[in-house]
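**Q** Got a structure for you, written out below as structure tokens; questions coming shortly.
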Amino acid sequence: MSLGCSDLDSLWERATQPYDAAATAVEAIALPVDPNRAPRADEDAGGSALEPDPEDAGAPEAYDAGDAALDGGSDDPDASTDASADASTDASTDASADAGAPTTITALGWRTGVVEAPRPNARWIGYVRAGGTVPVVRGPVGRSGCPARRGVTGAGWYEVEGGGYVCVGSLAVLSATLADHPLASRLPDPPDLGAAMPFAYGRANRPSPVFRRLPSADDLSAFEQGRFNPPSQDAGAVRLEDLRGVVGSPLQRRVLPGMYVSLHREDRSPDGTSYWHTQTGGYVRSSALTPLGETGQFQGVALDEPRRLPIAFAMGAGASTYRPRGRIMAPVGRVARLAVVELADEPAVTVGGEQYHRALDGSFVRARQVRVVTRRDPPADLSTPEEKWIDVNLDRQSVVAYEGARPVYVSVVSTGRRSRSNPDENYETVQGGFRILSKHVATTMDGNSANDGPYSIEDVPWVMYFEGSFALHGAFWHNGFGAARSHGCVNMSPPDARWFYHWTEPHVPSGWSGAYADAQHPGTRVYVHYDEQPLGTRGGPVRIPQH
């Protein structure tokens with residue numbers, strides 16, 4: 001069940017299933033249900049994003065149950081030494097490492113854990129996605145809980161920049177040795193942290209299979225011939241589970257029109273057909289996807305001395321501007337939808353039964369055509385005068401970033417659709433005072449909706465969870481900001497979400513793909529409320545729908 005806007009990362013558990021019974025190269029481990037609870041090293045080794053083809057001559061051999069990275073045990077006698085033995089060898093290990101110091105580690109696991117200490121059962125503090133690299137500070141610094149794997153050079157724990165340790169073994173390798181690894185050519189590209197969207201995306205324009213490899217003629221005959229015609233979604237007959245492939249088959253899953261995948265590169269099958277290789281390791285016919293562009297994305301406003309609250313955002317198809325003419329307001333122009341109007345800090349005026357706000361240029365905008373965002377007093381219990389906090393107003397569909405009493409960024413968002421008369425369709429965003437619990441460059445969100453049918457969006461960008469599966473995140477699939485329309489999360493434009501992702505705590509160090517807050521590194525405060533609701537007051541749907 002999803003406690004918010006999505007069933008989290010269930011796609012990755014499916015994507016990592018081998019497509020052939022003989023493909024036992026890398027173990028696939030399910031991700032934790034709760035995205036905010038960092039797994040222990042022995043609980044979730046992160047799984048593998050990809051498996052090599054069983055036909056690959058260089059495919060690694062299967063390893064024993066005790067030979068999983070970060071699992072706290074090993075069949076290697078050297079790795080089973082106790083902590084004191086590890087400690088006694090650390091100095092010599094470091095000295096040898098410094099002679100030819102490795103500079104980066106490349107992750108092979110879908111989520112390769114960064115743990116707080118180089119030992120078994122250590123707590124995750126973050127992770128690196130498959131294909132990502134993280135700079136090394138020193139290492140190896142020990143082997144306990146990080147068993148060696150046949151053919152892996154330099155196995156052991158390495159301290160990485162940002163704090164924490166990564167196990168070089170089953171789920172990570174020294175980048176200098178990556179070229180010799182059978183997964184090297186299939187690893188996805190790392191996210192583009194400088195762009196509004198960290199990946200390229202495509203929207204399914206027809207029902208289509210997603211294969212675990214470039215499909216053969218037999219694969220196409222079995223899974224594509226006759227085309228897949230799902231039952232009517234209006235009848236609620238199709239669920240996400242019905243679209244999943246069978247373990248051991250070439251089919252990873254199917255996508256329906258309107259579903260989104262994150263794109264890696266285009267490849268060609270032996271017959272010359274073009275396929276998109278996705279970030280999740282699947283292959284989809286290029287003709288079945290419509291790639292998305294980044295042009296014209298809305299972005300909010302950074303606030304400084306010249307620019308301050310109150311600010312209005314034009315809604316609908318845009319807003320008219322007016323000038324007083326006798327006893328009426330006469331229209332004199334138009335501003336486009338989501339255009340920013342800087343307002344005078346004074347009450348609205350009423351003319352002819354309508355309220356108007358005066359802009360700094362002397363014109364007026366009609367209150368019902370704009371979303372007005374005003375300054376709010378900070379919570380009384382901020383730990384420092386400059387502590388960061390986020391204000392999400394459900395009535396105004398607005399978000400403001402504050403540093404103490406000073407607003408530094410403002411925009412409009414889309415929160416959950418509210419339907420208190422119908423609990424099965426009440427996607428109201430939870431209210432209260434929270435802290436960001438975990439941050440992720442991107443994560444897959446999918447689920448089932450009673451009215452909307454199944455949905456799936458790979459690699460939703462710039463995700464910041466603050467309560468269960470409720471999150472602030474980028475939404476590239478719509479531009480309806482300023483109106484409630486989500487399944488419970490706070491949808492932001494991708495440029496806005498990226499700004500908040502980099503501004504908020506916990507900090508995500510260079511090369512990391514996600515980080516978890518803890519007592520030493522608390523997340524930024526998030527307050528969600530209606531206009532007349534005091535900050536921190538808990539509210540929301542009595543029963544959260546199952547998606």
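**Q** Contour minus end-to-end for E305 and L292, with contour as 0.36 nm per residue of separation and end-to-end as the Cα-Cα distance?
**A** Numbers: separation 13, 0.36 × 13 = 4.68 nm, distance 3.64 nm.
Using 0.36 nm per residue and subtracting the Cα-Cα distance, I get 1.0 nm.
**Q** Right, something else. Which value, in Å to one decimal place, does the Kirkwood hydrodynamic radius take for the range 289-334 when every pair of different Cα atoms is included? Let's see the in-between values first.
**A** Numbers: mean 1/r = 0.0688 Å⁻¹.
For the range 289-334, inverting the mean 1/r across all distinct Cα pairs yields 14.5 Å.
**Q** Q520 versus A222, label points 7 Å from Cα toward the beta carbon: distance in nm?
**A** 5.0 nm
**Q** Hey, fewest Cβ within 10 Å first, where do E467, E386 land in order?
**A** Values: E467 23, E386 11.
Taking fewest neighbouring Cβ atoms as first place, the list is E386, E467.
**Q** Next question, about the same structure. Taking other Cβ within 10 Å of each residue's Cβ, how do D218, D391 sort, fewest first? Don't skip to the end; give the middle numbers.
**A** Working: D218 9, D391 23.
Result, fewest neighbours first: D218, D391.
**Q** Same structure again: Using a/c under 1.5 as the rounded threshold, could you call the range 420-547 rounded, prolate or oblate? The axes a ≥ b ≥ c are square roots of the C-alpha gyration tensor eigenvalues, and prolate needs a/b larger than b/c, oblate otherwise. Spell out each step's value before the answer.
**A** Working: a/c = 1.80, a/b = 1.25, b/c = 1.43.
Judged from the Cα gyration tensor, the range 420-547 comes out oblate (a/c at least 1.5, b/c at or above a/b).
**Q** How far is it, in nm, from the label point at L382 to the one at R138 when both lie 7 Å from their Cα along the line to the Cβ?
**A** 3.9 nm
**Q** Fewest first, what order do M315, M445 take by the number of other Cβ atoms within 10 Å?
**A** Fewest to most other Cβ atoms nearby, the residues stand as M315, M445.
**Q** Could you list which residues have their amide H under 5 Å from that of Y409, counting only those 5 or more apart in sequence or on another chain, with H placed in the peptide plane?
**A** Amide H neighbours of Y409: L303, A401.
**Q** What is the packing order of peptides 128-136, 115-123, taking the mean over residues of other C-beta atoms within 10 Å and listing the highest first? Show your work: numbers first, answer last.
**A** Details: 128-136: 23.3, 115-123: 19.1.
Sorting 128-136, 115-123 by mean packing, highest first, produces 128-136, 115-123.
**Q** Still on this structure, please answer the following. Within a Cβ distance under 11 Å of P378, other residues only, what is the Lys/Arg minus Asp/Glu net charge? Could you put the intermediate results ahead of the total?
**A** Details: positive: R375, R376, K388, R406, R525; negative: D377, D381, E386, E387, D391, E403.
My count for the surroundings of P378 gives -1.
**Q** If we sort 356-364, 206-214 on the protection proxy, mean other Cβ atoms within 10 Å, highest first, what's the order?
**A** 206-214, 356-364
**Q** Okay, moving on. For a test of the definition: using alpha carbon positions, the gyration tensor, and the 1.5 limit on a/c, classify the range 155-306 as rounded, prolate or oblate.
**A** Numbers: a/c = 2.03, a/b = 1.22, b/c = 1.66.
Here the range 155-306 falls in the oblate category.
Readers should treat all values here as calculations from the given coordinates under stated rules, not as data from a laboratory. Please read all numbers here as calculations on a predicted model, not as lab measurements. Cβ: placed from backbone, ideal geometry, glycine included. Neighbour counts: every protein chain shown.
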